[in-house]
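The values are calculated or read from the model by the stated rules, or taken from the named source; none is laboratory data. What you see is a predicted model; the values in this text were computed from it and never measured. FYI the Cβ positions are ideal-geometry reconstructions off the backbone, even for glycines, and counts take in every protein chain you see. What goes into the accessible areas is simple: the full protein's heavy atoms, side chains included, and nothing from ligands, DNA or RNA. Shrake-Rupley method; radii C 1.70, N 1.55, O 1.52, S 1.80 Å.
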Amino acid sequence: MPSALDTNMRFKFSILALLLEVIIIVLFGIFVEYDTSDASQTLYPLFQDVHVMIFVGFGFLMTFLKKYGFSSVGINMLIAAFGLQWGTLMKGFWHAKGGKINVDIVSMINADFSTATALISFGAVLGKTSPVQMLILTILEITIFACNEHLVTEILQATDVGASMTIHAFGAYFGLAVTLVLYRPGLKNKHENEESTYHSDIFAMIGTLFLWLFWPSFNSAIASGTTHQTTAIVNTYYSLAACTVVTFALSSLVDQRGKFSMVLIQNATLAGGVAVGTCADLSIHPFVAMCIGSIAGIISVLGFHFLTPLLASKLNIQDTCGVHNLHGLPGILGGIAGIIVTAIKEVDRNGVRLTPGMQAAALGSTIGIALVGGALTGGILKLPFLGQASDQNCFDDSVYWEVPEEEKPREIHSNNYDEHSRFEATM
């Protein structure tokens with residue numbers, strides 16, 4: 001029988017989810033209209049790629065925890081489905097015409113982008129929050145994200161086509177601030193479920209491959225014009241390739257036995273796509289894109305190996321998925337690359353010359369707003385009436401999901417061959 005607390009939480013989530021959906025439907029009825037122009041129809045293949053990244057790539061990337069696969073994929077889907085609706089409204093209000101938000105393929109791509117910030121932050125708190133908390137985080141983060149993006153692109157007029165700063169760095173540092181405020185002393189010593197298995201790591205690698213393959217679409221989807229789109233695709237393609245080779249090399253190098261680490265291969269191989277995002281559509285030459293990707297691989301591997309344990313032990317930042325190393329540090333690298341490129345060569349966007357000052361202000365404001373917004377959000381999520389799983393129940397699907405019983409182990413016949421085989425397996 002479910003406990004009173006379980007029943008209360010079930011009703012809290014159901015009522016909140018239904019209420020929010022009703023509110024969104026009403027707001028869509030009042031403010032949202034079709035964009036009748038067909039200018040964006042050619043972008044549908046890029047939208048499909050981004051959509052797959054959001055729902056499949058991010059979802060499966062987080063399935064590495066041995067008993068949290070349902071939540072990784074399922075709550076990811078919940079956040080994305082809710083977030084893309086809320087993101088349509090929050091981003092649309094900044095560009096409303098005649099009091100109406102016109103939706104087309106471009107607005108759908110941008111709505112998916114807005115959900116990416118919440119999904120990145122979800123990785124930082126993975127296994128330690130409730131569905132109710134994640135719905136509230138999604139509302140607050142996407143609202144703050146839309147404001148920051150408007151500041152960066154419209155007021156500061158900085159370039160960030162692949163959103164190294166506005167999505168990746170923002171989502172990472174927002175999530176880190178949330179997990180800091182929600183710090184659980186009881187999880188200081190690693191939880192027994194906070195580890196992977198052979199098969200859970202394979203599922204996570206599926207997410208990596210989807211993200212890796214479609215990242216050129218992510219960085220080029222909203223680039224202006226065919227030339228800039230092609231440039232962004234080429235730069236991302238080679239940055240990812242270089243990053244992957246460097247990641248494999250360093251993964252073997254930092255291991256005492258010279259073996260590859262699946263954690264690094266799942267995550268650091270993607271850092272090149274994050275880092276090249278800010279200047280992906282600029283004519284920086286594929287050679288430079290490969291250098292950016294290589295540096296991203298280095299800082300991501302070293303971050304996972306050295307920095308993540310330090311953040312947990314010294315700063316009480318329990319970053320479950322290591323989003324700081326995949327999104328945070330490479331996002332900062334992307335912002336710095338944008339500063340350097342605009343300082344070296346003259347770059348114009350819509351008649352406005354991009355300057356290093358613009359890019360630096362965009363990077364600084366993004367990180368600052370993310371940290372403050374994340375801390376405030378964490379404070380709200382910590383309110384007792386929202387409820388969350390106990391330390392003992394963290395990283396466990398069975399708290400929120402109907403989980404099938406595990407299959408009974410196959411009986412082993414007690415003959416000499418089997419006994420000998422088991423003996424060898426323990427050696």
Expected output for segment 386-400 (first residue within 10 Å of Arg184 (Cβ to Cβ) and among the charged types (D, E, K, R), partner in a loop (DSSP other than H, G, I, E, B) and open to solvent by 20 Å² or more (accessible area, probe 1.4 Å), Cβ below 9 Å, 6+ apart or cross-chain) is Asp391/His191
The one condition in (1) more than 30 Å from Ile284 (Cα to Cα); (2) open to solvent by less than 10 Å² (accessible area, probe 1.4 Å); (3) of a type in the set (Val, Ile, Thr) that Thr143 fails to fulfil: (2)
Just name the residue that is modelled with the lowest pLDDT out of those in segment 34-59 that are polar (S, T, N, Q) and more than 20 Å from Lys100 (Cβ to Cβ). Gln41
Being open to solvent by 70 Å² or more (accessible area, probe 1.4 Å) and more than 22 Å from the chain's Cα centre (by Cα) is the filter here; which residues of segment 249-265 pass it? Leu253, Gln256, Arg257, Lys259, Phe260
Before we move on, is Ile120 open to solvent by 10 Å² or more (accessible area, probe 1.4 Å) and part of a helix (DSSP H, G or I)? no
Does Leu137 count as part of a helix (DSSP H, G or I), modelled with pLDDT of 95 or more and under 26 Å from Tyr400 (Cα atoms)? yes
List pairs: first residue in segment 147-159 and within 16 Å of Asn110 (Cβ to Cβ), second residue open to solvent by 40 Å² or more (accessible area, probe 1.4 Å) and in a helix (DSSP H, G or I) anywhere in the structure, Cβ distance under 8 angstrom, at least six positions apart or on different chains. Cys147/Ile369; Asn148/Ile369; His150/Trp94; Leu151/Ile369; Glu154/Trp94
Any residue in segment 301-323 that's at positive phi: show its pairings with residues that are in a helix (DSSP H, G or I) at Cβ separation under 8 Å, as long as the two are six or more apart or on different chains. Asn316/Leu180; Gly322/Gly123; Gly322/Val263; Gly322/Asn267; Gly322/Gly303; Gly322/Phe304; Gly322/Thr308
Starting from residues that are among the charged types (D, E, K, R) and more than 20 Å from Cys291 (Cβ to Cβ), keep the ones in segment 316-349 and report whichever is most open to solvent (accessible area, probe 1.4 Å). Glu346
Inspect all residues belonging to segment 226-242 and state whether any of them is more than 25 Å from Leu383 (Cα to Cα), assigned to a helix (DSSP H, G or I), in contact with a Lys or Arg (Cβ under 6 Å, 6 or more places away or on another chain) and of a type in the set (S, T, N, Q). no
Evaluate segment 207-215: report whether one residue or more is surrounded by fewer than 22 Cβ atoms within 10 Å (Cβ to Cβ) and farther than 24 Å from Gly272 by Cα. no
Across segment 343-361, what is the number of residues that are over 12 Å from Asp160 (Cα atoms) and not in a loop (DSSP other than H, G, I, E, B)? 9
Restricting attention to segment 353-372, which residues are open to solvent by 40 Å² or more (accessible area, probe 1.4 Å) and among the β-branched types (Val, Ile, Thr)? Thr355, Ile369, Val372
Could you please let me know if Gly74 is crowded, with 19+ Cβ neighbours inside 10 Å and under 20 Å from the mean Cα position of the chain (by Cα)? no
Quickly run through segment 216-248 and pick out the residues that are open to solvent by 20 Å² or more (accessible area, probe 1.4 Å) and either touching a Gly at 6+ places or on another chain (Cβ under 6 Å) or over 16 Å from Ser294 (Cα atoms) (or both). Ile222, Ser224, Gly225, Thr226, Thr227, His228, Gln229, Thr230, Thr231, Ile233, Val246
Taking segment 153-206 as the search range and keeping residues that are in a loop (DSSP other than H, G, I, E, B) and either touching a Phe, Trp or Tyr at 6+ places or on another chain (Cβ under 6 Å) or among the basic types (Lys, Arg) (or both), which one is surrounded by the most Cβ atoms within 10 Å (Cβ to Cβ)? His191
Among (1) in contact with a Lys or Arg (Cβ under 8 Å, 6 or more places away or on another chain); (2) buried (at least 16 other Cβ atoms within 10 Å of the Cβ); (3) not aliphatic (A, V, I, L, M), the one test that Trp86 misses: (1)
